[in-house]
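Undergrad: For reference, the structure I am asking about is given below.
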Amino acid sequence: MRFGTYEASFDNLPRMLELIKVRNPGTQYDVKVIPSLTAGPSILQRTFFCIGACVRAFQYCFPLLCIDGTFLIGKYNWLLLEAYAFIESENIDSWYWFLERVKLHVVAEQPNVCLISDRHAGILEAINQLQHGGTRPPVCPDVRT
């Protein structure tokens, strides 16, 4: 109870992200919730955010992004990260959702961005769908792995 209930945290998340966005120009975020089938609260499924200063810095860097899932287990496991996502699990849909937002908010029009990953099956299929489409239209056909 030190940090409150999960319901209170869920209610505070959009306000916190909006405040970060206001104080950091260029910051973007997206929250995906699952509506409750009963009268209960909605369920937080995914959250994406990228800090504007990091996005602007990426425009001047070598077009290379390293992507991987990790557990948040300590205060020292952070690097300079372009984008963050909190997701329900590593799967094709969550990786696609994350990479689609990275393309929209971070990469934008920068061509030939290279992705380095651990070649998780979900990452590979999400990249394939981003490049070639499938059930969705292709979003970034020039991405390289």
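Undergrad: Loop only per DSSP, at most 15 neighbouring Cβ atoms within 10 Å: give me the trypsin sites (Lys or Arg not before Pro) in region 1-56, ordered by residue number. Provide the component values of the computation, followed by the final result.
TA: Numbers: sites: 2, 15, 21, 23, 32, 46, 56; in loops: 2.
Filter output for region 1-56: 2.
Undergrad: Once amide H atoms are built 1.01 Å from N in the peptide plane, which residues 5 or more positions from residue 43, or in another chain, come under 5 Å H to H?
TA: Residues meeting the criterion, in which the H sits 1.01 Å from N, are 34, 36.
Undergrad: Beyond 19 Å, what percent of the Cα pairs of region 6-132 remain? Walk me through the intermediate numbers first.
TA: On the way: 4337 of 8001 pairs.
Tail fraction, whole percent: 54.
Throughout, read-outs are computed from the coordinates displayed, never taken from laboratory work. None of these values were measured; they are calculated from a predicted model. Don't worry about glycine lacking a Cβ; one is built from the backbone with ideal geometry, like all the others, and counts go over all protein chains shown.
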